[in-house]
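Below is one structure, written out as structure tokens, with a few remarks after it.
The values are calculated or read from the model by the stated rules, or taken from the named source; none is laboratory data. Quick caveat: nothing in here was measured; it's all calculated off a predicted structure. Cβ atoms come from the backbone with ideal geometry, glycine included; neighbour counts cover every protein chain shown.
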Amino acid sequence: MSPSFVCNCNGVTEQKLIAAIAQRKITDLSKLMLRTGAGMSCGRCRPALKVILERNKVVDPNPQQEIDWNQAGQPPSPAS
Ligand code: FES
């Protein structure tokens, strides 16, 4: 069975896209395009790339949050 290409211009399959999303923890379209080459020519496949990205991107259940101390004020004292 021949692979089905999502991006015909650059020969990129859905399996390759899903693997890149998982391995590189890709969450935005431009990074997916740069990493795989998909969508870099005519652009006709970009809506499909967005759908595949949304369905397969890894959501971090415990995201690291950066604290902007200028906005948050002083850090809490360890003695409190
Ligand atoms: S089909 Fe993907 S860039 Fe043309």
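Report yes if Leu53 is at negative phi and in contact with a Cys (Cβ under 8 Å, 6 or more places away or on another chain), otherwise no.
Judged against the criteria, Leu53 is not a match.
Cβ-Cβ distance below 9 Å, separation of 6 or more or different chains: which pairs start in the stretch 24-38 with a residue that is charged (D, E, K, R) and end on one that is away from the ligand (no atom under 13 Å from the Cβ) and part of a loop (DSSP other than H, G, I, E, B)?
Hits for this filter: Lys25/Lys57; Lys25/Val58; Lys25/Asp60; Asp28/Lys57; Arg35/Ile26.
Filter the stretch 42-60 for residues that are within 13 Å of Ile21 (Cβ to Cβ) and in contact with a helix residue (DSSP H, G or I) (Cβ under 8 Å, 6 or more places away or on another chain); which is surrounded by the fewest Cβ atoms within 10 Å (Cβ to Cβ)?
Val58
For the stretch 29-41, enumerate the residues that are loosely packed, with under 15 Cβ neighbours inside 10 Å and either more than 12 Å from the ligand (Cβ to nearest atom) or modelled with pLDDT under 95 (or both).
Ser30, Leu34
So which residues in the stretch 42-62 are among the charged types (D, E, K, R), within 14 Å of the ligand (Cβ to nearest atom) and farther than 16 Å from Ser4 by Cβ?
Arg46, Lys50, listed by residue number.
Restricted to the stretch 1-28, and to residues that are outside any loop (DSSP other than H, G, I, E, B) and within 12 Å of the ligand (Cβ to nearest atom), which residue is nearest to Pro63 (Cα to Cα)?
Leu17
Please identify the pairs in which a residue from the stretch 43-55 that is hydrophobic (A, V, I, L, M, F, W, C) has its Cβ atom under 6 Å from the Cβ atom of a residue that is near the ligand (Cβ under 8 Å from one of its atoms) and not in a helix (DSSP H, G or I), counting only partners at least 6 apart or on another chain.
What qualifies is Cys45/Val6; Cys45/Cys7; Cys45/Gly39; Ala48/Val6; Leu49/Ala38; Leu49/Gly39.
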